[in-house]
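First the structure, in the form of structure tokens, and then the observations on it.
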Amino acid sequence: MTFATELERFGDRVAVQLASGEAYSYRELALRADSLFAPKYSGLVTPNPIAIECSNAIAPLAAYLGALRHRVPALLIDSDLDEPLREQLFARYDIGNVFRATGSWHQRAPDQHSKANTDLALLLSTSGSTGGPKLVRLSLDNLQANAEAIAKYLQLSTDDRPITSLPMHYSYGLSVINSHLLVGAPLLLTPESVTTRGFWNFFKEFGATSFSGVPTTYAMLKQMRFERMDLPSLRVMTQAGGRLAPDLVKWFGELAKVRQQRFFVMYGQTEATARISYVPPEHLLDKLESIGIAIPGGALELIGEGGEPIAEPDSVGELCYTGPNVMMGYALGPDDLALPDMQHGRLRTGDLAKRDRDGYFYIVGRLKRFIKVFGNRIGLDEIEHQLREDGFDAAVTGKDDLLVVAVRGEDVSPDDLAHRLSARYRIHKSAIRVRSVASFPLSSSGKVLYMDLLNELRE
Amino acid sequence: MSDNNDKLHQVFADSLNIDRKRITDSLGYNTIPEWDSVAHMALIAALENDFDIMLDTDDIVDMSSVAKAREILSKYDVQF
């Protein structure tokens, strides 16, 4: 019994509303999902994984649900991902069929019986915009558990009408879809961004009750004078995908309070399907810098360097999460798809955190080598590796919303390289800094000291 | 080319990080990968700053092409 396999129980209720006016009921969505899979996969018990090139449109959504219903493991990727990066990823995982965002199948390799674990339902990239090879393995149980928890703390019902302000290949965007399909609500499905007229016309015409955003979305909304926008249907705003600056939390939190809306500041990781914690809106203004408390069914704790639990308030340790939405594990190549659940519901987040006396958690640092740029995780080692493949002697560091590349060699133009990175990863140049250096700061064992490098190139 | 037109093209080139030669009246939002939502808001900030104006929400979501940008700026007494 999952949101995907039980779509029919909401019958003629609208599941998907498009800006064109076209709408699909839950029954129609189920039929559409099945029609893409039933004939194609009737003879294959465990086919090799497919890829679905996603945009927020009916065809990829139906393909995603069809894959879940027919137990075909699917990799979701951005249909706008740079072509070479996409093909590299497909080749690495022996992807058989590719479902194009336009709605047609493309066979890139022969279908065969794969050794993929029978619990494996979904593969999501940990670093979507770089086409990084490291994937998160999720089961249908993971997706269902997270959808249930989200529906519970957001108090979702059939009366909600979320507008899809985030892409479906992104774990946060996907969690909005899953949690609303679970309760039989209509999705206002659009690929448009909050910066477009089309988005707001659609929002108003169909009376959207909620939207979701990463920190960049909220910065944009403030720049767009959100306080002057008349949106009477809006009841709920959610934020995740990185730390929202406390002044923006306060600004949106106060505005929501005046407008009698609920504003949820949340934290999560693709490794936990999407959601890990949230701040109950009634406490938001007292906890501006907090990631909140664990979602229903989950638990958060802090552990010290020796693995010992940290109980006393305000002490820093690694944030660990336990819950049914924790992934089966990572995959680095096709053989890993056969692996069973390696995590047993437990995830070391790689984030350093502390807890206050009220039991609220605060992120204070990060153990892993990645940054978030406009809400998307960017693996620094991944970019450094790709630059080295291209023949650059480069070291990559950075902080959230700023990728910093140090490059050695006299014949390299930092501007050209910045331009190239901006084009390849679709990152606006304001978030990229490339500098020529004579050498990289090294430790006594010869490792690049990335923190020192960042401090050197900070300004 | 008028001074303001020249300035407008430079703002577009800088904000979208593309060559000036690619800036034409018909160049539109989301028709090239470089003009995405992040670049759009960088463009808005640069226009507000360089032309010393304060744009409305409606102007921001309507600024869907270079020609449209000129039309909107004209409302704020920018002469082309």
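Numbers at a glance
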{"item": "At 1.306 mPa s and 10 °C, Stokes diffusion of region A:187-258 via Kirkwood alpha-carbon radius, µm² per second", "result": "124 µm²/s"}
{"item": "Virtual spin-label span in nm between A:Thr158 and A:Arg369, 7 Å along Cα→Cβ", "result": "5.2 nm"}
{"item": "Radius of gyration and maximum dimension Dmax of region A:59-107, Cα, Å", "result": "10.8, 30"}
{"item": "Global form of region A:370-457, assessed from the alpha-carbon gyration tensor, a/c cut-off 1.5", "result": "oblate"}
{"item": "Average silhouette area of the protein assembly as shown, convex hull of alpha-carbon atoms, in square nanometres", "result": "26.2 nm²"}
{"item": "Violating pairs (Cα-Cα greater than 29 angstrom) within the set A:Lys222/B:Lys75; A:Lys429/B:Lys68; A:Lys250/A:Lys354; A:Lys204/B:Lys21; A:Lys204/A:Lys257; A:Lys399/B:Lys75", "result": "A:Lys204/B:Lys21; A:Lys399/B:Lys75"}
{"item": "Separation of the A:Glu312 and B:Asn49 label points, Cα + 7 Å toward Cβ, nm", "result": "4.7 nm"}
{"item": "Cα-derived Rg over Rh, computed across region B:3-75 with Rh taken as Kirkwood radius", "result": "0.90"}
{"item": "Residue order, fewest to most beta carbons within 10 Å, for A:Thr195, A:Thr118", "result": "A:Thr118, A:Thr195"}
{"item": "Spacing of the two label points (7 Å from each Cα toward its C-beta) at B:Thr31 and A:Lys250, in nm", "result": "4.3 nm"}
{"item": "Over region B:3-75, relative contact order from alpha-carbon pairs under 8 Å, at least 6 apart, %", "result": "33 percent"}
{"item": "Debye equation applied to the C-alpha atoms of region A:1-87, log10 I(q)/I(0) at 0.16 Å⁻¹", "result": "-0.68"}
{"item": "Coil-residue trypsin sites (Lys or Arg not before Pro) of region A:282-384, DSSP, other Cβ within 10 Å capped at 11", "result": "A:Arg357"}
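Quick note: the coordinates plus some simple rules give every number you see, no bench work behind them. No experiment lies behind these values; they were computed from the predicted model shown. In this analysis, Cβ positions are derived from the backbone assuming ideal geometry, glycine residues included, and neighbour counts consider all displayed protein chains.
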